[in-house]
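The values are calculated or read from the model by the stated rules, or taken from the named source; none is laboratory data. Here the structure is a predicted model, which is why all the values come from computation and not from measurement. Cβ placement follows ideal geometry from the backbone for every residue including glycine, while neighbour counts extend to all protein chains displayed.
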Amino acid sequence: MREKLEQIKSSALEAINNASDLKVLEDLRVQYLGKKGELTAVLRGMKDLTAEERPVVGQMANEVREALEVALADKKVGLESEAVNQKLKEEVIDITMPGRKMPKGHMHPLHKTLEEVQNIFLGMGYEIVDGREVETAYYNFDALNLGEEHPARDEQDTFYFTNNLVLRTATSPVQVHTMEEQELPIRMVAPGRVYRSDESDATHSPIFHQIEGLVIDKNITFGDLKGVLAEFAKKFFGDKVQVKFRPHYFPFTEPSAEVDVSCVMCGGKGCNVCKGSGWIEILGCGMVHPKVLEMAGIDPTKYQGFAFGMGLERLTMLKYDINDLRLFYENDVKFLSQF
Amino acid sequence: MNVPMSWLKQYVDIDVDVNTYIDAMTMSGSKVEAVEELGKEITKVVAGKIIETEKHPDADKLRVMKVDIGAEAPIQIVTAATNVNTGDVVPVSLDGATLAGGLKIKTGKLRGVESQGMFCSVEELGFEASDFDDAPEDGVYIFHTPIELGSDVKPYFGLGESIVEYEITSNRPDCFSILGIAREAAATFKKPFNFPEIKVEEVDGNAADMAKVTIENEQLCPRYAARVIKNVKVGPSPKWLKDRLMSAGLRPVNNIVDITNYMLLEFGQPMHAFDYDKLAGHHVIVRNAKDGETMTTLFGDEVTLDSSMLVIADEAKPVAIAGVMGGEDTKVTEDTTTILFECANFNGYNVRQTSKKLGISSDSSKKYVKGLDPNNITLAIERAVQLINMTGAGEVVSGIIDVYPVKREKLTIPYDLTWINNYLGTQVTEEEMKEYFERLEFEVDTTNKTVTIPTFRPDVTMMADLAEEVARLYGYDKIEVTLERGTPTVGHKNFEQEITDQIRSTMSRYGVNGALTYSFESPKVFDKLCIPADSNLRNVLTITNPLGEDFSIMRTTTLNGILNSLSINYNRRNETAMLYEVGKVFEKIEGEELPNEIKKVTVGMYGKEVDFYTLKGLIEALVEDLHIQKVSVERNTELPFMHPGRTANLMIAGKVCGYFGEIHPQVAKNYSVDAKLYVAELDLALILANVEKARSYVPLPKYPATTRDIAMLVKDDVLVGDIEKVITQRGGKLLESCELFDVYQGKQIEEGHKSVAYKLVFRASDRTLTDDEIQKSMKKILNGLETVIGAKLREQ
């Protein structure tokens, strides 16, 4: 009987070792360890043994069983990982094939810039305000200290519906509405469409977009204006940008300034974009004119503020080095999908 | 405003280089736009004297000349010029020289004989012969005044001068003059401003006896001064005057015109010369024109005037349109012997209106519209006649006629050191501030804390204006950058802005690109869109001064904009285009001045894999993203620009939110597109009103669902929408969802019918459903489909 067990063990182990796949291995398990298997048959024959031999052979049979079980399990693991490896080999693909197209829409570049600008000011506590595009002459001119006889009133190339009704030439009327309607203090930016009778070409458009800003509070200074706009320029153009405030004139601010930043293309060395000056004008600003405050019902002896306005097209053209404004209004998907 | 540096330096001592100068001027408020150097490209042209002349051995028309250019040895030049001879001093361009227009001169051989340069005409130096008295029409220029041999000829011709161009803002009419800029330069560089010394030599007589001035409208003409010049000799101006004008970019005409132009530049004061003998009654009357009165301008155009316009008239008729243009009849000609020289102040706004109405703009009107200082006249008229003296253009008759009924007085305003410092965020001392004001010729009274502003600065009327003056002389760049310390506010977008952001995000997610189109368009778009004549869409807001008809009306639909964009894409052979715009249309309101500005969400698309259901899918996704309930779709066959069988209205809460579908093929053709175009135009306000603001989550199911597929045979014209209605109604609470998964026509399907298949999902939230329950539900559904729809159930 012992010999029989030894023989089963050695032949089984050899067979397991040689098993070529999981099916063969399973057949071997059944052949040796199954209910009708060889080892089981041997164990059944134990009842014929003597009482002394029985535990000895029993122990031996158990050892053989364990050995076979271990061998089967090990072989199974080996064969399984072989099978996986085989499968992986067969599944090699051409990873240079193009990816499957996902739907991908793009923001208009002007909205992309607008989002950026708005986020900067939202972070500084400004609310976003909308305004109307068809305005009365009062809000477009008079309330901004541009009376009927003001020479600058003609410089604006205004589109008229009637003597009293115009397409707004700037987003500045939103300043007045906001001052009239809202509680103080005010911190707001107002983006929107504006209209001027310029023929469309690479650098002009009769329709374009501005972003207006307004702050009204107590103890606001020109230094604060410089602080806010310098911060904006750094966030928008990067930390290295230099900012210059130059005196200028706007009827609705006093003092007024234009703001230049060091050229984003050449860093200030001088190039085509900055026409060799190293500086690029990006916005106009100033302390809100006391007359404008007064007309909007705010006491200029108690409150001051500043206002600013910038061109969205200009910022976007600078940001992406776009040289033709008309591209923004053609909506060619080859252009739009670049943003 | 263009100012030659040399002219400016007459009145203020600028001792810095041009770059330092323009930076400082820009930072003190006179923004420099450009610096141009006259004749910058011209190099290596010197004065040379012809010392020997020989015939060219091989060419009859050429001569060989030896020229002394102040060097050790003379150079040799071969020339075809006929007007020069031995002894003449001429401009010589040397080897390597560049002439006007970029022409380069090199040593070379002419018919075998070496020529080391070229003699120059004034044209080759960038002028016209008529700019100089002594330049021949066609030939080499010959110097008639001594010039050092070998010296650069550019200074002689006024070349090499830096002309600085300033951007003058409308609050500073005083700076539209060289004296104004000089004053600013003096203040900027803390230098004295040297006003030109004015001395006039007069001859006997009395202007007041010779002519009379009456101002009938003092509001429009606050001041009118005149001088009389007799024994006038109209002719060319002397070289110094011509040089001055040319350096500022003006062509000389004759002495009288040149003096007027000189005054325009230097004092910024328009002048006008009348032929005294042609003024009826020698009486100048400044009055409003009569309606219908006519005058011929000195350019020979007859203009019809109206009573809003101010004219200069004699006792018979208008002789000039005040501040705009003189008349033909009284203009100065070569025969003129006596001149009445006008130096007047007119209301800028009136000049602007008149100039606009008549469509005439002149150098004078351009100055007047800025609003000039009447007190400028006192010295200007003296300067003008001094120039008459200096040019020998005539004799100045004693006396000035000066009618000045409405005097402009200096304004005195208070200053408050603390207020100004607080406003600017500076710590300027009173002493410094006083010094700034005085540099600007403001008189400071430190006891009463006031400043008196000169009348040429009408822009300074209040403390904020003083703050600006302080800021720009202190230096904008020196004002310290501070952080605002006001009451904190919270940055936010409003609901509409947030939802619009969400719409943009949905569009991006599904492959639709952001577009922007014009808000004004042509009235012809309505025909292009096949919109009937009586449509309300044609009730538009019209621009009275548009950039042409194509941009003359405010849009009442966004359709044209999106179709144009699709057309551009299609005709540039872009295979697919999907666009959206959130933009306004403008709706007139009866009895109201301001129109309604209505925001629309517009979508346009075409492409290989784009059809009605692509667009519908996008709209469904949008509605779902915004959590809008009560949405349905209704067929719309009424829109003339849409395909009648492929258009629907999006209904939200029972209201029409807009339409979507396929564009009518005729309209697509009108936009040069031979493909199916799909558009949607939705009302943003209705979307906003129905966005579900507060939502709570639906707990995840605890019990399993059971699904059943059904397929049925229905007639072709049955709408799946109707089938779904029956299924959902009959399915009741237990039916979680029903999803259309197949619509089939063709083989095995009875003619005129289609097979429609649904997957139904049943579930209860509190138990596992029994077969019985589902069977009951299914039976109700199938029953309904058979009786209501007439569906025949197909075997699974």
All but one of (1) in contact with a helix residue (DSSP H, G or I) (Cβ under 6 Å, 6 or more places away or on another chain); (2) in the same structural domain as B:Val603 (by TED's automatic domain parsing); (3) in contact (Cβ under 8 Å) with a residue 60 or more places away in the chain; (4) farther than 18 Å from B:Asp683 by Cα hold for B:Asn574; state the number of the condition that does not hold.
(3)
Only one of (1) of a type outside the set (Lys, Arg); (2) under 30 Å from B:Val257 (Cβ atoms); (3) out of contact with any helix residue (DSSP H, G or I) (no Cβ under 6 Å at 6 or more places or on another chain) is not met by B:Val369, so which one is it?
(3)
Checking the condition in a helix (DSSP H, G or I), among the aromatic types (Phe, Trp, Tyr) and either surrounded by 16 or more Cβ atoms within 10 Å (Cβ to Cβ) or more than 38 Å from the chain's Cα centre (by Cα) (or both), which residue from B:Tyr141, B:Tyr156, B:Tyr166 passes?
B:Tyr156
Out of B:Ile22, B:Ile51, B:Ile69, I need the residue that is away from chain A (no Cβ under 14 Å) and either under 54 Å from the mean Cα position of the chain (by Cα) or free of Cβ contacts under 8 Å to residues at least 12 places away in the same chain (or both). Which one?
B:Ile69
Strands (runs of 3 or more DSSP E) wholly in region B:239-309 with at least 3 residues that are under 24 Å from B:Cys175 (Cα atoms) - which ones?
none
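So that you can scan it fast, the table gives a plain yes or no per residue for (1) out of contact with any Leu (no Cβ under 8 Å at 6 or more places or on another chain); (2) buried (at least 18 other Cβ atoms within 10 Å of the Cβ):
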position	(1), (2)
A:Pro109	no, yes
A:Asn119	yes, no
A:Gly123	yes, no
A:Tyr126	yes, yes
A:Arg132	no, yes
A:Tyr139	yes, yes
A:Ala143	yes, yes
A:Arg153	no, yes
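With the condition being modelled with pLDDT under 95 and at negative phi, I'd like the helices (runs of 4 or more DSSP H) fully within region B:639-732 carrying at least 3 qualifying residues.
B:720-731
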If A:Glu82 meets every condition in (1) of a type outside the set (S, T, N, Q); (2) within 8 Å of chain B (Cβ to nearest Cβ); (3) assigned to a helix (DSSP H, G or I); (4) loosely packed, with under 14 Cβ neighbours inside 10 Å apart from one, which number is that one?
(2)
Among the numbered criteria (1) over 30 Å from A:Leu184 (Cβ atoms); (2) touching a residue at least 12 places away in the same chain (Cβ under 8 Å); (3) not in a helix (DSSP H, G or I), which single criterion is violated by A:Leu39?
(3)
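Can you say whether B:Val16 is surrounded by fewer than 19 Cβ atoms within 10 Å (Cβ to Cβ) and more than 30 Å from the chain's Cα centre (by Cα), as far as the supplied structure shows?
Yes; evaluated as a whole, the condition is true for this residue.
When you go through B:Tyr166, B:Tyr141 one by one, which is the residue that is among the aromatic types (Phe, Trp, Tyr) and assigned by TED's automatic domain parsing to the domain that holds B:Val16?
The unique qualifying residue is B:Tyr166.
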Only one of B:Val64, B:Val45 is touching a helix residue (DSSP H, G or I) at 6+ places or on another chain (Cβ under 8 Å), within 27 Å of B:His144 (Cα to Cα), part of a strand (DSSP E or B) and not aromatic (Phe, Trp, Tyr). Can you tell me which?
B:Val45
Residue check: is A:Ala67 more than 30 Å from A:Gln7 (Cβ to Cβ) and out of contact with any Phe, Trp or Tyr (no Cβ under 8 Å at 6 or more places or on another chain)?
no
Give the number of residues within region A:114-161 that are free of Cβ contacts under 8 Å to residues at least 60 places away in the same chain, more than 9 Å from every other protein chain (Cβ to nearest Cβ) and in contact with a Ser or Thr (Cβ under 8 Å, 6 or more places away or on another chain).
3
Selection within region A:208-263 - over 19 Å from A:Glu127 (Cα atoms), away from chain B (no Cβ under 12 Å) and not in a helix (DSSP H, G or I)
A:Gly238, A:Asp239, A:Lys240, A:Val241, A:Val261, A:Ser262, A:Cys263
B:Asp534 passes all but one of the listed conditions (1) farther than 25 Å from A:Pro247 by Cβ; (2) touching a residue at least 24 places away in the same chain (Cβ under 8 Å); (3) of a type in the set (Asp, Glu); the exception is number (2)
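Yes/no matrix, rows are residues, columns are (1) more than 9 Å from chain B (Cβ to nearest Cβ); (2) surrounded by fewer than 22 Cβ atoms within 10 Å (Cβ to Cβ); (3) not aliphatic (A, V, I, L, M):
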position: A:Gly286; (1), (2), (3): no, no, yes
position: A:Met310; (1), (2), (3): yes, no, no
position: A:Asp324; (1), (2), (3): yes, yes, yes
position: A:Lys334; (1), (2), (3): no, yes, yes
position: A:Gln338; (1), (2), (3): yes, yes, yes
Are any residues in region B:446-472 more than 10 Å from every other protein chain (Cβ to nearest Cβ) and over 25 Å from B:Arg408 (Cα atoms), and if so, which ones?
B:Thr447
(1) at pLDDT 95 or above; (2) assigned to a loop (DSSP other than H, G, I, E, B); (3) on the phi < 0 side of the Ramachandran plot all hold for B:Arg573 apart from (3)
Those residues that are surrounded by 15 or more Cβ atoms within 10 Å (Cβ to Cβ) and more than 8 Å from chain A (Cβ to nearest Cβ), I need them from region B:473-485; list them, please.
B:Leu473, B:Tyr474
All but one of (1) more than 8 Å from chain B (Cβ to nearest Cβ); (2) in contact (Cβ under 8 Å) with a residue 24 or more places away in the chain; (3) more than 22 Å from B:Glu167 (Cβ to Cβ); (4) hydrophobic (A, V, I, L, M, F, W, C) hold for A:Cys266, so report the exception by its number.
(2)
Qualifying positions in region B:486-506 - closer than 26 Å to B:Met578 by Cβ and either more than 7 Å from chain A (Cβ to nearest Cβ) or touching a Lys or Arg at 6+ places or on another chain (Cβ under 9 Å) (or both):
B:Glu496, B:Glu498, B:Ile499, B:Thr500, B:Asp501, B:Gln502, B:Ile503, B:Ser505, B:Thr506
Considering only region B:399-427, state which residues are buried (at least 20 other Cβ atoms within 10 Å of the Cβ), within 13 Å of chain A (Cβ to nearest Cβ) and assigned to a loop (DSSP other than H, G, I, E, B).
B:Gly425, B:Thr426
All conditions in (1) surrounded by fewer than 21 Cβ atoms within 10 Å (Cβ to Cβ); (2) within 41 Å of the chain's Cα centre (by Cα); (3) assigned to a loop (DSSP other than H, G, I, E, B) are true of B:Ser130 except (3)
Kindly indicate whether A:Gly99 is more than 8 Å from chain B (Cβ to nearest Cβ) and free of Cβ contacts under 8 Å to residues at least 60 places away in the same chain.
yes
Failed condition for B:Thr517, given (1) more than 7 Å from chain A (Cβ to nearest Cβ); (2) under 19 Å from B:Ile598 (Cβ atoms); (3) part of a loop (DSSP other than H, G, I, E, B)
(1)
